[in-house]
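I have placed the structure first, in the form of structure tokens, so that the comments after it can refer back to it.
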Amino acid sequence: MNQEVLKKACDNLGWKYEIINNELVVLNANQKENLRGEYLLKVKGDMVSYNNYYIKNAKEFVLELQDTFYELNRIYAKETILKEFEAAGFTFKKDYDFIANSDEVERFYMVGYSKIENEDEKRTEIQFTILNDGTVITDSNYIPEDLHKLADEAMSKIDHSFGTTRREGIEIKRKEVPERYKTKSYCTINNKIIAKN
């Protein structure tokens, strides 16, 4: 979990916390019980532990933090994508056909134009889907080599901002190369761009 988003979630909830050894420690969540100097919740990376010795409903505080975190994380995800891709020269395009559901809450495209002189498909759309927890799923078809490099740099900065690494087959979905692109460049699983003759 991104610690900055986590801190903002605690701030929004009015909870008192400290950062100790890269661990966010919630000391007071406006609970009725006296914790006698103990912590209520601890968050390190993606691991959450809670004190159920003094508080019998500690899990409810975890869910409250999770809901607030997810809401802020979705906003943070979109803002980060827009910032990094717009800095790389892409522009935002709304997906007017998308209907949000309980898993997928937002979908949009970042559009780029290749500067490669002989490229016959200069316009590229990269689809971004933001899940309920703020996870980002990307999808695209053929991307010209110059745009591919810019997109990879933007995604690397996004991964750094999120404090995560996209996983092959989960956040990154590979597809069969369509027939019309078989003679063009394409990206392999290890992100090497291969030109086809």
Within region 98-137, considering residues that are of a type in the set (Lys, Arg) and touching a strand residue (DSSP E or B) at 6+ places or on another chain (Cβ under 8 Å), the one modelled with the highest pLDDT: Arg107
Selection count where residues are assigned to a loop (DSSP other than H, G, I, E, B) and surrounded by fewer than 18 Cβ atoms within 10 Å (Cβ to Cβ), scope region 143-170: 7
Scope region 22-41; condition under 25 Å from Arg166 (Cα atoms) and either open to solvent by 60 Å² or more (accessible area, probe 1.4 Å) or part of a loop (DSSP other than H, G, I, E, B) (or both); matching residues: Asn22
Failed criterion for Lys32 (all others in (1) closer than 17 Å to Gly134 by Cβ; (2) free of Cβ contacts under 8 Å to residues at least 12 places away in the same chain hold): (1)
Per-region count, region 42-88, residues part of a loop (DSSP other than H, G, I, E, B) and β-branched (Val, Ile, Thr): 1
Subset of region 88-110 that is closer than 14 Å to Lys78 by Cα and hydroxyl-bearing (Ser, Thr, Tyr) - its residue that is most open to solvent (accessible area, probe 1.4 Å): Thr91
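The values are calculated or read from the model by the stated rules, or taken from the named source; none is laboratory data. Predicted model, so just to flag it, every value in this text is computed and none were measured. Every residue, glycine as well, gets a Cβ built from its backbone with ideal geometry; the counts of neighbours run over all protein chains shown. SASA here: full protein model, heavy atoms, side chains in, ligands and nucleic acids out. Shrake-Rupley method; radii C 1.70, N 1.55, O 1.52, S 1.80 Å.
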